[in-house]
Amino acid sequence: MTSITVSYDINRLSPNGRLHFREKAKRNKLARWLAMNAWVNARLPRFTTPVTVAIHVQRGRVIDADNALACCKPLIDGIFGGNATPNDSAQWVEFLPVTFATGDKFRRQETVTFTIQPRSAK
């Protein structure tokens with residue numbers, strides 16, 4: 001099992017945000033870079049078999065689980081888009097439901113943790 005933690009408030013990547021396309025692209029690029037950097041700091045784990053990924057979000061305010069997963073797309077691309085796995089398709093990556101920890105203690109200390117483990121044979 002491997003954990004990769006990215007320090008970023010995923011709400012900045014919300015698909016519901018009404019941003020200029022340049023600002024949205026800038027935020028997505030930063031998020032992908034932070035995720036790739038977190039993957040490097042985790043000592044470049046590579047998986048040759050399909051994996052299951054649990055996503056845990058820590059932030060000050062609550063966000064819907066479906067929006068949280070959509071917000072994580074640039075982070076997922078940075079970690080799984082040819083780095084930890086050959087690609088981020090359903091063939092290689094299965095996502096578990098998103099879990100949360102919220103409250104004032106996480107305000108301005110937002111993180112997203114990806115816990116990765118090889119997928120068990122069904």
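The values are calculated or read from the model by the stated rules, or taken from the named source; none is laboratory data. Values in this document were obtained by computation on a predicted structure and should not be read as measured data. Glycine gets a Cβ as well: all are built from the backbone with ideal geometry, and neighbour counts include every protein chain shown. SASA here: full protein model, heavy atoms, side chains in, ligands and nucleic acids out. Shrake-Rupley method; radii C 1.70, N 1.55, O 1.52, S 1.80 Å.
Within the range 14-31, if we keep just the residues that are open to solvent by less than 100 Å² (accessible area, probe 1.4 Å) and not in a helix (DSSP H, G or I), the residue that is farthest from I4 (Cα to Cα) turns out to be L19. Just one of the listed residues (T49, T85) is surrounded by 19 or more Cβ atoms within 10 Å (Cβ to Cβ), over 13 Å from Y8 (Cα atoms) and among the β-branched types (V, I, T), and it is T85. Restricting the range 59-76 to residues that are more than 27 Å from S120 (Cβ to Cβ), touching a helix residue (DSSP H, G or I) at 6+ places or on another chain (Cβ under 9 Å) and not charged (D, E, K, R) leaves a set whose member that is most open to solvent (accessible area, probe 1.4 Å) is N67. Of all residues in the range 10-24, those satisfying the criterion of being hydrophobic (A, V, I, L, M, F, W, C) and under 13 Å from L69 (Cβ atoms) are I10, L13.
Can you find even one residue in the range 63-72 that is farther than 24 Å from G17 by Cβ, out of contact with any Ser or Thr (no Cβ under 6 Å at 6 or more places or on another chain) and not hydroxyl-bearing (S, T, Y)? No, the range 63-72 contains no residue that is farther than 24 Å from G17 by Cβ, out of contact with any Ser or Thr (no Cβ under 6 Å at 6 or more places or on another chain) and not hydroxyl-bearing (S, T, Y).
Close Cβ contacts (under 6 Å, 6 or more residues apart or on different chains) running from residues in the range 38-62 that are in contact (Cβ under 8 Å) with a residue 12 or more places away in the chain to residues that are acidic (D, E) and surrounded by fewer than 16 Cβ atoms within 10 Å (Cβ to Cβ) comprise T52/E94.
Taking first residues from the range 98-110 that are more than 9 Å from Q58 (Cβ to Cβ) and partners that are of a type outside the set (A, V, I, L, M) and open to solvent by less than 40 Å² (accessible area, probe 1.4 Å), the Cβ contacts under 6 Å between residues at least 6 apart in sequence or on separate chains come to R107/G60.
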